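Notes follow once the structure below has been shown.
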Amino acid sequence: MMKHRYLLTILPSLALAAKVDRRRTVLHERVGSFSGRNTPPHITLCFLDLPAEHGSAIIQAIALGSKGKRSFTLHYDGITRFPDKRTIYIDPVQKDAIAKVRTPIVAALMANEALRDAIRETEHPYLTIAAGLKPAQFERAWESLPLFGTRSEVQVTEVVLLRRALCEGERYVHVRSFPLARIRIGGSNFGRRLQGAGCSCVVHDPSS
C-alpha cells in the first residue's frame, strides 16, 4: 500500500517564502541539484509516513493538540548552517514558542496507537534553503549567501498540514490549516486584525 508523508509545518510569510525560492534558484544554477529545492519553504514540526487511510486520524489528533494554543510572533535571524555543512537554513529565534505549539500536537498523535510508531518530531526547527549538499557544493553555496542576509518578523496564526505521496516526482499539497488562538491586546482582537489584513511581516535584507 502506497504511503504518504504527512508534514505538519509553520509556513513563512509570502515575502520570505519568495526570497527562499529565489535563493534556491540561484544556488541551483551555481552548485547543481540539492535536496529540498522543490519543497515549499516551511518549518517542520513533525511528520508521519503512513497510508492515506490514516489521514482522518492525523487531522483529528492535530486539531485536538492545537486547540487553544496561542499565536505568537516569530523572528527569523539570518542565514546559518549545521556543523556538518550539508544544510544551509534560516534560523527561527523563538524555538520555545514553537515547542509550546508542537509538543501537545505530538502528544495527541502519540495517543493514537496506529500513528505512534510513525511520528518523527523535529526538535530543532529551521527553514531550509538547501540540504544534502556535498562539500564542494557547500563551499560554492556558502560564499554566495550573506551570513545575516535574511531577517523577518511574522505573526504565526496557524499550523499547516501538507501531504505528498512517497514516490518520485510527487509534490506537497495542502491538506488543512489549524488556526491558533488569537491574542487579545487592550481588548482588541490582535489575531483577527492580522488575519483580515493578511500576514503582518517586516523583511530586512541588506543583500538585496
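The values are calculated or read from the model by the stated rules, or taken from the named source; none is laboratory data. All figures in this text were calculated on a predicted structure; none of them were measured in a lab. Please note: Cβ atoms are built from the backbone with ideal geometry, for glycine as well, and neighbour counts cover all protein chains shown.
Looking only at region 136-159, how many residues end up being outside any strand (DSSP E or B) and either free of Cβ contacts under 8 Å to residues at least 24 places away in the same chain or more than 15 Å from P41 (Cα to Cα) (or both)?
Matching residues across region 136-159 total 15.
Results for (1) touching a helix residue (DSSP H, G or I) at 6+ places or on another chain (Cβ under 9 Å); (2) surrounded by 15 or more Cβ atoms within 10 Å (Cβ to Cβ), shown as yes or no for each residue.
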site	(1), (2)
M1	yes, no
H4	yes, yes
L8	yes, yes
E29	no, no
I43	yes, yes
L50	yes, yes
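Within region 112-131, how many residues turn out to be loosely packed, with under 13 Cβ neighbours inside 10 Å and either more than 18 Å from L7 (Cα to Cα) or at pLDDT below 95 (or both)?
3
Restricting to region 58-72, name every residue that is in contact with a strand residue (DSSP E or B) (Cβ under 7 Å, 6 or more places away or on another chain) and surrounded by 14 or more Cβ atoms within 10 Å (Cβ to Cβ).
I58, I59, I62, A63, S66, K69, R70, S71, F72
Restricting to region 71-130, name every residue that is outside any helix (DSSP H, G or I), aliphatic (A, V, I, L, M) and within 13 Å of L8 (Cβ to Cβ).
A118, I119
So which of L133, L162 ends up being touching a residue at least 12 places away in the same chain (Cβ under 8 Å) and in contact with a helix residue (DSSP H, G or I) (Cβ under 7 Å, 6 or more places away or on another chain)?
From the options L133, L162, the qualifying one is L133.
Looking only at residues in region 162-183 that are assigned to a strand (DSSP E or B) and within 15 Å of K69 (Cβ to Cβ), which one is modelled with the lowest pLDDT?
Per the criteria, the residue is A181.
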